[in-house]
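The values are calculated or read from the model by the stated rules, or taken from the named source; none is laboratory data. Just so we're clear, the structure is a prediction, and the values are computed from it rather than from any experiment. Note: ideal-geometry Cβ built from the backbone for every residue, glycine included; neighbour counts use all protein chains shown.
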Amino acid sequence: MELTPHERAARQTPPVALPAGQSMTTADGVALTWLGQAGFVLDAAGTRLLVDAFISPHPDRQTPPGGVPASYGGLAGVLATHEHWDHLDLPSWPGLAAASPSAKFVVPQPVVDQVTAAGLPPERVLGAVPGEPLAFGDATVMPVKARHGVHVSDAYTFGEEISGGACRYLGYVVSIGGARIYHAGDSIDYPGLAERLHELDVDLVLLPINGRDA
């Protein structure tokens, strides 16, 4: 069977194991730092984004917190893919907002009320919708649907049934520094996802290890 160019590249390029707290730089010049769990810093060309950063102390952590909120200055955007506390670390967000007073805070549209209730000014909170891009300096963020669940009882869905028809779980394709990086949040695979990522010409994927079956 003939492989597509993306499939050939995937077979030729081994996965990268990045220790928590250490950075790698892509061929396009994007500095990528893993913070443990699903948290990453993406930094290129003067634009710095924080995605799913879980930096609060917690007894169940397997890696130490990646710094305190005050250490994350100069952020253009802070993104969370969904509302679980190890992705949307609300206790840390007021500190992040103070450390980066120009940063915008991005969550799926149905989760905006949780963020403003935690004390963030509404004008700094953006409700993300699949297919509607967001701009942060030289970076662009394209929200993509994710299939997940708030509880086991509603997994795996897009959360539309409990959110008035809106998508409650997202991944983000971040175009930054000449690279396109897909952060999947906690999504499992679903029909149409691979085709959507192919359309967006993704260079690097950050994937969870989860789910109850293949």
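Points worth noting:
- Cβ-Cβ distances below 6 Å connect the following pairs, each with a first residue in region 134-149 that is touching a residue at least 40 places away in the same chain (Cβ under 8 Å) and under 13 Å from Ala80 (Cα atoms), a second residue that is in a strand (DSSP E or B) and among the aromatic types (Phe, Trp, Tyr), and a separation of six or more residues or different chains: Val141/Tyr172.
- Any hit, region 9-28, residues being surrounded by 12 or more Cβ atoms within 10 Å (Cβ to Cβ), modelled with pLDDT under 65 and assigned to a helix (DSSP H, G or I): yes
- Conditions (1) under 27 Å from Gly149 (Cα atoms); (2) touching a Lys or Arg at 6+ places or on another chain (Cβ under 6 Å); (3) of a type in the set (A, V, I, L, M); number of the one not met by Leu75: (1)
- Any hit, region 62-74, residues being modelled with pLDDT of 95 or more and within 23 Å of Asp138 (Cα to Cα): no
- Residue within region 183-200 that is touching a strand residue (DSSP E or B) at 6+ places or on another chain (Cβ under 6 Å), more than 23 Å from Gln37 (Cα to Cα) and either assigned to a strand (DSSP E or B) or not basic (Lys, Arg) (or both) present: yes
- Residue match in region 76-93 (condition: over 14 Å from the mean Cα position of the chain (by Cα), of a type in the set (Phe, Trp, Tyr), buried (at least 17 other Cβ atoms within 10 Å of the Cβ) and outside any strand (DSSP E or B)): yes
- Residue count for region 165-195, restricted to those that are over 18 Å from Leu42 (Cα atoms) and surrounded by 18 or more Cβ atoms within 10 Å (Cβ to Cβ): 7.
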